[in-house]
1. How do the peptides 3-11, 15-23, 234-242 rank, highest first, by the average count of neighbouring beta carbon atoms within 10 Å per residue?
2. Restricting things to alpha carbons, find the Rg to Rh ratio for the range 68-216 using the Kirkwood radius for Rh.
3. Work out the length of the dipole vector of the range 117-265 about its Cα centre, built from +1 on the beta-carbon of each Lys and Arg and -1 on the beta-carbon of each Asp and Glu, and round it to the nearest 20 debye.
4. Quote the charge dipole size of the chain about the Cα centre in Debye, to the nearest 20; the model charges only the Cβ of Lys and Arg (+1) and of Asp and Glu (-1).
5. Which values of log₁₀ I(q)/I(0), to two decimal places, follow from the Debye formula for the chain at q = 0.09, 0.11, 0.14, 0.16 Å⁻¹ with a uniform point scatterer at every Cα?
6. Over the range 3-103, what is the percentage of antiparallel beta bridges among all DSSP beta bridges, to the nearest 5?
7. Quick check: the angle from helix 104-115's long axis to the longest principal axis of the chain, C-alpha only, nearest 10 degrees?
8. Under unit Cβ charges (Lys, Arg +1; Asp, Glu -1), what dipole magnitude, rounded to 20 debye, does the range 3-103 have relative to its Cα centre?
Amino acid sequence: MLYGAIEAGGTKFVCAVGNETGEIIEKVTIPTLTPDETMPQVLEFLRKYDLNAIGIGSFGPVDLNAQSPTYGSITTTPKLAWRNYPLLNVIKDAFSVPVGFQTDVNAAALGELHFGAAKGLDSCLYLTVGTGIGGGAVVNGQVVQGLSHPEMGHIFVRRHPNDSYEGKCPYHSDCLEGLAAGPAIEARWGKKGHELKEQSEVWEIEAYYLAQALVQYILILSPQKMILGGGVMKQTQLFPLIRQHVQDLLNGYVELPNLESYIVPPGLGDNAGITGALVLAYEKGQSGQLRN
Ligand code: ADP
Ligand code: ZN
């Protein structure tokens, strides 16, 4: 059985076709320009295959309320050409198969749960630290969703004593995303993250903020695995720094597994999101059996 997957991102759309083992058979990357430029290429790729179902993991914010008339639309994105774009309906109208829809990070969490670092568990958290910060969580095998999707990037963190940068979030200034996403690193230090590898103070401050966020997610959700992805986490020296701060902040209050196996990069690497979109497709299609 073949399934289609779309990972809709702010800079690129990744589209793939795969099967129920999580194997990706063909994958293409299409730049995110305007919908009129990008979507025909997405449809053209998926139309080459006889698909049983399609899954979409999208950048947001998105409307996830199935009762809403705008269910499956991208809502208040700063990318104006995509504001209020009915992504789910466009795909549904083009293909007469079931279509699953989630945020990109919820999809990535689902992908990691079935085929990645959280395989065999029934909960995990996936945090991406890139142009923005976003988190998705799966609990009891189900994606966490309430009124809408969680916005884990916009929580508030205690300031590092050596950090006077005002923060970059247009809504909150110095929320986690405002202090620790890639653009905040660049604004604070005047260089892009990948050019700052040797400057230990950069990563000390970064780890201080990310660890605070992880501690709060641990205290609230108690996930069985914490998975950190996105461009900024390519600085792998962050992992031991974050683990150390998490340990210090929790101060023995919560019993956790060995942090080296608990706070980890994505097992699927850059394929977490697209594999999660495949899982959404199987779940929606329900005709296939996941074989992990
Ligand atoms: P997006 O979030 O747009 O999907 P990424 O996850 O690649 O894409 O995040 C892009 C952000 O991550 C940029 O701010 C960039 O500067 C930063 N980034 C990308 N690669 C690295 C790296 N190797 N080291 C540090 N920062 C990086
Ligand atoms: Zn914010």
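The values are calculated or read from the model by the stated rules, or taken from the named source; none is laboratory data. Everything numeric in this text was worked out from a predicted model, so none of it was measured. Here the Cβ positions follow ideal geometry from the backbone for every residue, glycine too, while neighbour counts run over all protein chains shown. Note: accessible area is taken over every heavy atom of the protein model, side chains too, but ligands, DNA and RNA are not part of it. Shrake-Rupley method; radii C 1.70, N 1.55, O 1.52, S 1.80 Å.
1. Details: 3-11: 24.7, 15-23: 19.8, 234-242: 17.0.
Sorting 3-11, 15-23, 234-242 by mean packing, highest first, produces 3-11, 15-23, 234-242.
2. On the way: Rg = 17.6 Å, Rh = 17.2 Å.
Radius of gyration over Kirkwood radius for the range 68-216 works out to 1.02.
3. Working: 11 positive and 15 negative charges, 51 e Å.
Computed charge dipole of the range 117-265: roughly 240 debye.
4. Values: 20 positive and 29 negative charges, 37 e Å.
The calculated dipole for the chain is roughly 180 debye.
5. Cα-only, vacuum Debye calculation for the chain: -0.42, -0.63, -1.00, -1.26.
6. Working: 14 of 25 bridges.
Percentage antiparallel, nearest 5: 55.
7. Value to nearest ten degrees: 80.
8. On the way: 7 positive and 10 negative charges, 48 e Å.
For this selection, approximately 240 debye.
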